Structures are given as C-alpha cells and as structure tokens.
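The block underneath contains the structure these notes are about, expressed in structure tokens.
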C-alpha cells in the first residue's frame, strides 16, 4: 500500500509538478513543484495522509489541510476543488470561497528545528526521488 516514490515531471501545460505518495493510501497527490518546496520550507513536508477525503499533514499535533496551506486560506474561507479531485492540489484546481474556515491554517504550523535541519521526520518513510 505504501508507495514511496516522489516523481518530478512536467504536466501537459508545461508546468513543473511533483507527484507524492500518501502514507496511508495507494493514491498519489499532484501539485506544483514550487508549492511543494514552499510547504516543505514551512514545515509541512511529507508524509501526508488521506483523512476524510482531505490531504493532511501532521504538524504541531494537528492534521492540517494541505490545500488550505497551499492557498493560504484564512478564517471564513473554504477551499474547493474545481475538478472535484482532492488529490489534485495544483493551485489552478484550488478555489477559495466563503465558508466555515475557523482560522488561517498557516498560523497553526510549527517549524521543528530538527526537521528543518535534517529534512526528515523521525519515523517518516524513506522516499525515492524520480525525475521524468
């Protein structure tokens, strides 16, 4: 069930994307490479999980929505998926609408200085990087 390949490639529109595995599913997530790098620098790097049809990252003892982190959704903002696919986290697929967001999700992130230094969480799976 646990595919550990991270694939860097170019999509049909010529954009650099990354395909990352989910820790608890056979599904993968697609997002723009620049968004992945930003999330990783914020402390929201892998592993990610699928929880109640949302892609989440565990940080500061919380499951935080990766989609909300990408678009920096704040209080009173909901994030929907243009194509209905919660694994398509390309910014062009994420739509901010008025909704029930209780807080700015990025404010909940806590950067672990050890993780930031070594770029790997204790107990996280090893990943194989594939460039296509």
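None of the figures in this text is laboratory data; all of them are computed from the coordinates on show. Here the structure is a predicted model, which is why all the values come from computation and not from measurement. Virtual Cβ from ideal backbone geometry, glycine too; neighbours counted across all protein chains shown.
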Of everything in the range 66-87, what is crowded, with 20+ Cβ neighbours inside 10 Å, in contact with a helix residue (DSSP H, G or I) (Cβ under 8 Å, 6 or more places away or on another chain) and closer than 20 Å to residue 110 by Cα? Give them in sequence order. 66, 68, 69, 70, 73
Members of the range 76-95 found to be outside any strand (DSSP E or B), in contact (Cβ under 8 Å) with a residue 24 or more places away in the chain and more than 20 Å from residue 33 (Cβ to Cβ), listed by number: 76
With the condition being closer than 17 Å to residue 130 by Cβ, I'd like the strands (runs of 3 or more DSSP E) fully within the range 1-53 carrying at least 2 qualifying residues. 5-10, 16-21, 28-32
